[in-house]
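One structure below.
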Amino acid sequence: MKTDQPQRLAPVALLIIWIRGFISWWPLFVGGGLSILRADMSFNQFLLWGGLIVGVLVLTLTWSILHYLRFTYLVAPNGLTINSGVLIRKVNHIPYDRIQTVQRQQWFFLKPLGLEQVAIETAGKESKKAEGMLSAVPVAVADAINRYRQGNVQPVTPDATDNQAIPAAPDQTSTTAAPAAPVADAAYKINGHDLNQYALTSLGFIPIISGILWLTQKAQEYLPDSWYKNAEHAITGLAVYLIIGLTLIILILGFLISYLNIIQKYYHFTLDRTGDELRTSRGFFQTNTVSARLSRLQAVRFKQSILRQWLHLSTVQALLASSAADDQQNNDLVLMPVIPERQALSSMRAFVSWLPETSPKLQPIPVSNRWYYMRNMVLGHLTLLVLPAVLASVFWLHVSWWLWLVLAGLIWLVVMALQGQYAATTAAIAIAPPKQLIIQVGEMWTRQRYFVRKKDIQAMTIKQSIWMKARGVAHLEVHIRKGNSDQTVNSRYMAVDLAKRIMTWYQPLPSVPQEGDNHAA
């Protein structure tokens, strides 16, 4: 067969495309499903919702078939070409030297078929959607793309490749395949003990428990009143220790779901560096492999929740000029899920050589300025959350409700004051000779330490109000590219002399600025 002709996706891609389109209509299916469960739904309403759901299923299936038939791809020596579009034909040619990241995702049901999903991102990407998305192709496709990116291609006999072989150069009559895999310059693989530590110390159970409580509340609206009243009566009649037991069950369930999700997500996690490329691989139900060039790495972040701080554990993440990575929807590439704090920096130097051997002593926020963090947190939550809730309860709820809300609001303000104190004591900054800036911040009971090279700082801004000028303090904003957007790291209420010294280090100014001015580079 000719191997220089455009190829179609594997037939299973049609199912994947249809499911993806089906999921995009999830509000309709959830709303319709819950409405059908209502006891007071009429027959006409049932037909309406049923017709809408069936209509969307047929529409998405028809569109998916057309999309599949109109989609082809070609992996050639000069680049990847993708032809797509149902109503408007689109030809997307991606030269290999423009590719920044290659993300490979292989669900468990694709493994026996030797197929995977491949997402390609380039430096010119402006949206969250990858420029090249191949829903179901042989694993040889991504292998060939990576070989071409690295300029490493060898001719072999046709028998050495899949029947959907990747095309060779025009002057070759055979297909191409990867030579023996090069030996990685550095490699890391998570062990069972570390993976278990990472899952046990995660705070991911908090949003899961919140979701369970939300579903419980929504059930009241859609389930028959008789069901809910019976359940409410049964719970009211329980002894206190049984109610406590139910609460513990919900907590344990949320923790167990979070634990199992992290275990399967980071199952067999590996990190390796070959030349100027980093590659991570992880996952049980879905194997997710991301290859990214070191040149696209904008900063390295060492992250510790307050629990992991107590246990002296750290998570290492990379901020990329790409959104191929995703750590819990943050678009951050996890380099090491968990590692002892004292070993984190030295271990990462094997993969990111520009990191300093040891972290310099960070200069914290002056003690006299730390109360500003607490004040801002308390005033902000008092004005935007606690006070409106109490006032609303006075006018629309029974008197006992607003008394409880006042008590809950006071407790919440104390918690926010402690969060402000935590952020203030965590905030620190330092210059690591010769050309790195280290910024440490505390957000949501999590300490984050950024290592960023001078050349990767997109902009730096000093902000100082008239009130701050009199007290000799300033805010320093550091802008780092993250994905296709901006990551702003703030060092607030620092000494103005230190802020100006860092600004001068970043971009020497032609003249000494006057206090109170704003400078951006």
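Mind listing just one residue for me: the one in segment 69-101 that is touching a Phe, Trp or Tyr at 6+ places or on another chain (Cβ under 9 Å) and among the hydroxyl-bearing types (Ser, Thr, Tyr) and, of those, nearest to PRO138 (Cα to Cα)?
Taking the candidates together, the pick is THR81.
Which of the residues that make up segment 90-128 are free of Cβ contacts under 8 Å to residues at least 12 places away in the same chain and touching a strand residue (DSSP E or B) at 6+ places or on another chain (Cβ under 7 Å)?
Once the filter is applied, which keeps residues that are free of Cβ contacts under 8 Å to residues at least 12 places away in the same chain and touching a strand residue (DSSP E or B) at 6+ places or on another chain (Cβ under 7 Å), segment 90-128 yields LYS90, VAL91.
Is at least one residue of segment 400-423 among the polar types (S, T, N, Q) and at pLDDT 90 or above?
Among the residues of segment 400-423, at least one is among the polar types (S, T, N, Q) and at pLDDT 90 or above, which makes the answer yes.
Within segment 130-147, how many residues turn out to be more than 9 Å from ILE120 (Cβ to Cβ) and outside any helix (DSSP H, G or I)?
Adding up the residues that qualify gives 4.
Yes or no, residue by residue, for (1) surrounded by fewer than 19 Cβ atoms within 10 Å (Cβ to Cβ); (2) aromatic (Phe, Trp, Tyr):
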position	(1), (2)
TRP404	yes, yes
PRO434	yes, no
THR461	yes, no
ILE480	no, no
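From the list GLY132, GLY85, GLY124, pick out the single residue that is over 28 Å from the mean Cα position of the chain (by Cα), at pLDDT below 90 and of a type outside the set (A, V, I, L, M, F, W, C).
Result: GLY85 is the single residue among GLY132, GLY85, GLY124 that is over 28 Å from the mean Cα position of the chain (by Cα), at pLDDT below 90 and of a type outside the set (A, V, I, L, M, F, W, C).
Take the residues in segment 12-51 that are farther than 23 Å from PHE71 by Cα, within 30 Å of the chain's Cα centre (by Cα) and of a type in the set (Phe, Trp, Tyr); name whichever of them is modelled with the lowest pLDDT.
Only one residue tops the list, namely PHE29.
Hand me the list of strands (runs of 3 or more DSSP E) wholly inside segment 256-353 holding 2 or more residues that are within 22 Å of GLU443 (Cα to Cα) and not hydrophobic (A, V, I, L, M, F, W, C). Steps first, answer last, please.
On the way: elements: 270-274, 277-282, 286-293, 297-305, 313-320, 333-340.
Those strands (runs of 3 or more DSSP E) span 297-305, 313-320, 333-340.
Select from segment 289-318 the residues that are at pLDDT below 90 and of a type in the set (Ser, Thr, Tyr) and write down the one among them that is farthest from ALA130 (Cα to Cα).
SER295
Yes/no matrix, rows are residues, columns are (1) farther than 17 Å from SER353 by Cβ; (2) in contact (Cβ under 8 Å) with a residue 40 or more places away in the chain:
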{"site": "PHE269", "(1), (2)": "yes, yes"}
{"site": "ASP272", "(1), (2)": "no, yes"}
{"site": "ASP276", "(1), (2)": "no, no"}
{"site": "GLN286", "(1), (2)": "yes, yes"}
{"site": "VAL290", "(1), (2)": "yes, yes"}
{"site": "LEU294", "(1), (2)": "no, yes"}
{"site": "GLN304", "(1), (2)": "yes, yes"}
{"site": "LEU311", "(1), (2)": "yes, yes"}
{"site": "SER322", "(1), (2)": "yes, yes"}
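For the list (1) modelled with pLDDT of 95 or more; (2) assigned to a helix (DSSP H, G or I), I need the number of the one condition that ILE439 fails.
So ILE439 meets the others, but not (2).
Hey, among ILE65, ILE53, ILE82, which residue is in contact (Cβ under 8 Å) with a residue 12 or more places away in the chain and touching a Ser or Thr at 6+ places or on another chain (Cβ under 9 Å)?
It is ILE82.
The values are calculated or read from the model by the stated rules, or taken from the named source; none is laboratory data. Note that this is a predicted model, so its numbers are computed, not measured. Backbone-built Cβ (ideal geometry, glycine too); neighbour counts: all protein chains shown.
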